[in-house]
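First comes the structure, then the notes that go with it.
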Amino acid sequence: MNQIHHSLSQCYQKDRIIFWYDPDQEWKDDFESFDDSSVDKIVINNNEFGTKVRVLSAPDPLAKFLIYSEKPRPVDESNWLLDLILQGHEFKADRASLNLQELGLPYDFLNLFDEHAAFFRSERRKDILKTLITKDDQEDDLKLKMMAVIMGTAPETDAMLLKFLEQGVETPMLDPVVEKFDSFGLTGYFWSDIAKRYGYKPELPSLRDFAITLFRAANPLDDQAQLHSHAFVFMQRWKDSHKHSHSFIDWSHQLAQELRVSEKLSETEALDLRSSDTFELFDKFEIHSMASDFDHPGADDRIKATILQRRQSFWYNQHKHGYQALLQAVLLRELIAKADLSIDSFDGGLKRYTSTWWKVDQAYRRCIFHLRSYNQATVMKPLDDWIGGAYVNQFLLPLADHWSDTVAKLDTWSSEDLPPQRDFYHGQVKPYLDKNQKIFVIVSDALRYEAAQGFAEKLDEENRFTTTTTALLASLPSYTQLGMASLLPGSELSIDADKCTVSIDGQETSGLANRNKILNAAHAGKATAIKSEDFLALNTKIEGRELMRNHELVYIYHNTIDKTGDEASTERQTVDAVERAYDELTNIVKKITNINASNILVTADHGFLFQQHETHVSDDTPIPTSGTITNTNRRFVLGHELESSPGIKMFSASQLGLNSSFSVAFPNSLGRFPLKGSGKRFVHGGFSLQEVVVPVIHINKKRDDDTGQVDIEIMRAPAKITTGRLNISLYQEKPVSSKLHPREIQVGVYTSDGKIISDMKTCQCDSKEDEARLRETPIDLVLSHSADEYNNQMVELRLTSRVSGSNHEVTYKSHPIKLQKPFASDFDV
């Protein structure tokens, strides 16, 4: 079938009466060769009346006719067949007309085909365009769809711009708009549409010039470029696009240099960037400013308010460690300011540490972790300097001094409030075994109390997990061999003063094999010990459940924190090790529950003292000179006939509850004994609260889900939108807690057919504030140019959230609003 016959057949899909005027008889052969048994062919030759009768009196109302004339079409006033022509279709055989007919378009669009002939030379382009055409399309709609076919995008100017901008940043000397559209005669229309939507109207438009104008218009430091509000909607869409956001980053970084944003930030006084995130430099500037001004009066409230605003920044995740370091430093300052470090008794000091003081240690550690992760030493130096001095001088040292004064009065190492670590097995483990319940014990080396609280907090956020954290008083000296031995079954503990090794009832406890012997002896082969890495390597369904089936008690030994801190070369990484330990411990706990165990305890052998900055030489305490020293550690010395001296607290083995005859010297406060080759930042073995308050976490896994997300309400939503902006508030009904998790919400204005007509704002609803007004977040939405098409119609303010584990979004809540902009808003200012 040739193209003429194909076009005729296409016409019969819509009309049953086709007229074909061929005054030059150019297509007579094609008319005569057209062979379709369903079509009645008629030649007009002074038989107009008879033709009309033949058509109108046809017995089949759906009969098809092809009416051919070798004369020009008569003027309407003298055309006897005009009524039939109006009922049917006039076929034309020139190239443009054939294209029109093939696409099912009326002849009103003939000029479109003449102007953009190059586009229609491709059958593939025509086929794609045909799938996009609707009966209501106007010429502008068709041009937009033609451009979409060329670009391979949706027929939206914004979608084409996103694709152009993805290409344009890499080829500054070429204009991709010209490259794509010029040969099809569509470049001018593209820029005229951009002018209408964005207000971009230069004499010589180009993609690069448009990008510069767009970034300047969105820059609060630059008032030389003005665009319509739709430009800001587009900018938000660009940033939010998973597919195109990388090109936004490239353009932003490149134009930040060309537009001298850094210099303007330095030159501008009384700068208010608000939540603007056009350039990453804005976030860097804010972090630099907050760090520089950290020690100024009133800085805390300014820092918290600024970070709350920056949470919505496109660049927040790249700088989250910087922001979090600042927040933790603010928390540290607040905690230190409120801390009353006086100690009225030994048990009073232990009680106050387990209730509040540990939070200071945690804020310090977290702050150091975020500073290390951010890795911007120069920018954060003022903050780093303050943290190092404030933590040690305002908290750690005075607390250690007060505590040393309290310990100096002790004759025996014991507490009425905290059970001794030596009672862990009988007081915490055996009650489960007595009820014929199996139990797993995770011993994490150097998981100090504040770090354990952080892990418990993290685990509480997991679905179905709940924790309870209590404390024990560590055995002294607070070092690994004694701490590990104190957690095992047995009667008498003793230390070999020469080797510093520990035995229970004569059985040495160092190493996994010795601990297995002790556990097996106490439980007739029904107890075992295993390293955490070996446990995690077990096949859950086979080896893991076999371990569970064959044993009533399993000790799992985990060593990440102590392994890192005890080495001088890695002790700076202690804070990183704690965060790694959290993930590892979580995996261990989940694996235990996956083999159907439900009773889990997490504890430690000892805690630790830690300060990221260099220790002062004054912290060195002279080693005792009298007596015989058998073993020296940074925080204790073992020996015989040792005598007390200034700065030292002496205990005999019996005073520490040990079946031995040696004595132990401990440096007071933060003192360290000189020990060549060992680290001084991370130490343990002494009697500081951070070293001797040992955590015990009881973990329970429920059968039913017990976590959820906070609920959000829409506040101050108007009944009508009468301007180009919509201001609302989102209210978080309850504070975030361990079981009530944050909710990320996307907010936008949508039409009834699901089209978004505003920018999209992302809101992190994660407030932990108890005061209701502090859980309210203002949202300012800007309507796009396409909103004008829906004026005087009902639209919808919609909150959407992402389905967990996917990129799919669902409507969380919505609110109907009438879009009713006054006519005056259509005029450009």
(message) I'm trying to understand the selection: among the residues of the stretch 227-244, which are surrounded by 13 or more Cβ atoms within 10 Å (Cβ to Cβ) and either free of Cβ contacts under 8 Å to residues at least 24 places away in the same chain or not in a helix (DSSP H, G or I) (or both)?
(response) L227, H228, S229, S241, H244
(message) Please list, ordered by residue number, the strands (runs of 3 or more DSSP E) wholly in the stretch 612-714 having 2 or more residues that are farther than 28 Å from L601 by Cα.
(response) 628-632, 637-640, 648-652, 663-667
(message) Taking the conditions exactly as written (of a type in the set (G, A, S) and not assigned by TED's automatic domain parsing to the domain that holds S241), does A148 satisfy them or not?
(response) yes
(request) Tell me, please, whether a residue that is more than 25 Å from P155 (Cβ to Cβ), of a type in the set (V, I, T) and exposed (fewer than 12 other Cβ atoms within 10 Å of the Cβ) can be found in the stretch 772-788. (result) no
(request) Those residues that are surrounded by fewer than 23 Cβ atoms within 10 Å (Cβ to Cβ) and at pLDDT 90 or above, I need them from the stretch 652-661; list them, please. (result) S652, A653, S654, Q655, L656, G657
(message) Can you tell me which condition I518 does not meet? The list is (1) under 26 Å from T586 (Cβ atoms); (2) crowded, with 18+ Cβ neighbours inside 10 Å, and all the others hold.
(response) (1)
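The rows are residues; the columns are (1) closer than 28 Å to T354 by Cα; (2) of a type in the set (A, V, I, L, M, F, W, C).
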{"position": "V578", "(1), (2)": "yes, yes"}
{"position": "N587", "(1), (2)": "yes, no"}
{"position": "T593", "(1), (2)": "no, no"}
{"position": "N596", "(1), (2)": "no, no"}
{"position": "G607", "(1), (2)": "yes, no"}
{"position": "H616", "(1), (2)": "yes, no"}
{"position": "R634", "(1), (2)": "yes, no"}
(message) Given the options L740, L689, L675, name the one that is within 28 Å of D460 (Cβ to Cβ), surrounded by 13 or more Cβ atoms within 10 Å (Cβ to Cβ) and out of contact with any Leu (no Cβ under 9 Å at 6 or more places or on another chain).
(response) L740
(request) Pick out, from the stretch 98-186, the helices (runs of 4 or more DSSP H) lying fully within it that include 1 or more residues that are within 18 Å of Y200 (Cβ to Cβ). (result) 139-151, 157-168, 176-181
(request) List every residue pair whose Cβ atoms sit under 8 Å apart, with the two residues 6 or more apart in sequence or on different chains, where the first one lies in the stretch 657-669 and is over 12 Å from T628 (Cα atoms) and the second, anywhere, is among the basic types (K, R) and assigned to a loop (DSSP other than H, G, I, E, B). (result) F666/R635; P667/R635
(message) Need a quick list: helices (runs of 4 or more DSSP H) entirely within the stretch 1-71 having at least 3 residues that are in contact (Cβ under 8 Å) with a residue 40 or more places away in the chain and within 60 Å of the chain's Cα centre (by Cα).
(response) 3-11
(request) Considering each residue of the stretch 270-287, count those that are polar (S, T, N, Q) and surrounded by fewer than 23 Cβ atoms within 10 Å (Cβ to Cβ), and give that number. (result) 2
(request) For S444, work out the one condition from (1) exposed (fewer than 15 other Cβ atoms within 10 Å of the Cβ); (2) within 28 Å of A485 (Cβ to Cβ) it doesn't fulfil. (result) (1)
(request) State all residues of the stretch 681-712 that are in contact with a Phe, Trp or Tyr (Cβ under 8 Å, 6 or more places away or on another chain) and more than 30 Å from N599 (Cβ to Cβ); if no residue qualifies, say none. (result) R681, F682, V683, G685, G686, F687, S688, I712
(message) If L797 meets every condition in (1) buried (at least 19 other Cβ atoms within 10 Å of the Cβ); (2) touching a Lys or Arg at 6+ places or on another chain (Cβ under 7 Å); (3) in contact (Cβ under 8 Å) with a residue 40 or more places away in the chain; (4) among the aliphatic types (A, V, I, L, M) apart from one, which number is that one?
(response) (2)
(message) Can you pull out every residue in the stretch 64-76 that is more than 17 Å from F31 (Cβ to Cβ) and in contact with a helix residue (DSSP H, G or I) (Cβ under 8 Å, 6 or more places away or on another chain)?
(response) D76
(request) Considering (1) more than 42 Å from the chain's Cα centre (by Cα); (2) modelled with pLDDT of 90 or more; (3) among the hydroxyl-bearing types (S, T, Y), say which one S688 fails and leave the rest. (result) (1)
(request) Select from the stretch 559-592 the residues that are over 28 Å from the mean Cα position of the chain (by Cα), among the β-branched types (V, I, T) and assigned to a helix (DSSP H, G or I) and list them in ascending order. (result) T564, I592
(message) Which of the strands (runs of 3 or more DSSP E) found entirely inside the stretch 742-822 contain at least 1 residues meeting this: over 22 Å from the mean Cα position of the chain (by Cα) and not assigned by TED's automatic domain parsing to the domain that holds G724?
(response) none
(request) Scan the stretch 266-285 residue by residue and report those that are assigned to a helix (DSSP H, G or I), modelled with pLDDT under 90 and within 17 Å of R216 (Cβ to Cβ). (result) E267
(request) Please specify each residue of the stretch 705-714 satisfying the condition of being over 24 Å from G454 (Cα atoms) and not hydrophobic (A, V, I, L, M, F, W, C). (result) D711, E713
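Can you pull out every residue in the stretch 792-810 that is of a type in the set (S, T, N, Q), within 23 Å of M235 (Cα to Cα) and at pLDDT below 90?
S801, N807
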(request) Give the stretch 459-507 a look and list any residue that's touching a helix residue (DSSP H, G or I) at 6+ places or on another chain (Cβ under 9 Å), of a type in the set (S, T, Y), under 16 Å from V694 (Cα atoms) and assigned to a loop (DSSP other than H, G, I, E, B), or say none. (result) S475, S478
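The values are calculated or read from the model by the stated rules, or taken from the named source; none is laboratory data. Here the structure is a predicted model, which is why all the values come from computation and not from measurement. Every residue, glycine among them, receives a Cβ derived from its backbone with ideal geometry; neighbour counts consider all protein chains shown.
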